[in-house]
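Right, one structure below, let's go through it.
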Amino acid sequence: MALQVGNIKSAQIPTDYCCESSIYSTPNILLALLGGQFVDSVGTSISGFVFAVLIIVGSTGVALSDGFWPMFCARLVLGIGGECQKVCQSRVLTEVTYIRNYLLII
């Protein structure tokens, strides 16, 4: 007999947590390339704003979700916004170092 935590059995908690972690990491596969194309076509300021809005919507959805599937979808939106935002930040860093002729070694 499994322990009860609210109305979720404790045997389901590790599996659900792994699914939610993997859905955040899933956009890493393709959206880094597509996010880079979006940043190149639209520009860094507009795309940075769009990705920041996605991050805010995803974070708010995670905070307000009361079940597995709403949190699953909110983490997907958060992963899409977060990974594309990293691409946009890399582009901004590259533009700044190229304009000012700085040598930046990371």
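Taking θ as phi - 60°, what are the ³J(HN,Hα) couplings along segment 54-64 by the Karplus curve (6.51, -1.76, 1.60), each to the nearest whole Hz, with x for Gly and Pro?
With coefficients 6.51, -1.76 and 1.60, one gets 4, 5, 5, 5, x, 5, 5, x, 5, 5, 9 Hz.
Roughly how big is segment 11-99's charge dipole about its Cα centre, with Cβ charges of +1 (Lys, Arg) and -1 (Asp, Glu), in debye to the nearest 20?
The dipole of segment 11-99 has a size of about 120 debye.
If packing is taken as the mean number of other Cβ atoms within 10 Å per residue, what is the order of 58-67, 81-90, highest first?
Result, highest mean first: 81-90, 58-67.
So, R0 is 30 Å and r is the distance between the beta-carbons of Asp16 and Val57; what FRET efficiency does that work out to, to 0.05?
Calculated transfer efficiency: 0.85.
Using Cα-Cα distances under 8 Å and only pairs 6 or more residues apart, what relative contact order does segment 11-99 have, in percent?
40
Which distance in nm do the two modelled labels at Ser90 and Leu64 give, with both placed 7 Å along the Cα-to-Cβ direction?
My value for the distance between the label points is 3.3 nm.
In percent, how large is the relative contact order of segment 38-87, given Cα pairs closer than 8 Å and 6 or more residues apart?
Relative contact order for segment 38-87 comes out at 41 percent.
Bear in mind that the values in this text are calculations on the coordinates, not laboratory data. Small disclaimer: the values here were computed from a predicted structure and weren't measured. In this analysis, Cβ positions are derived from the backbone assuming ideal geometry, glycine residues included, and neighbour counts consider all displayed protein chains.
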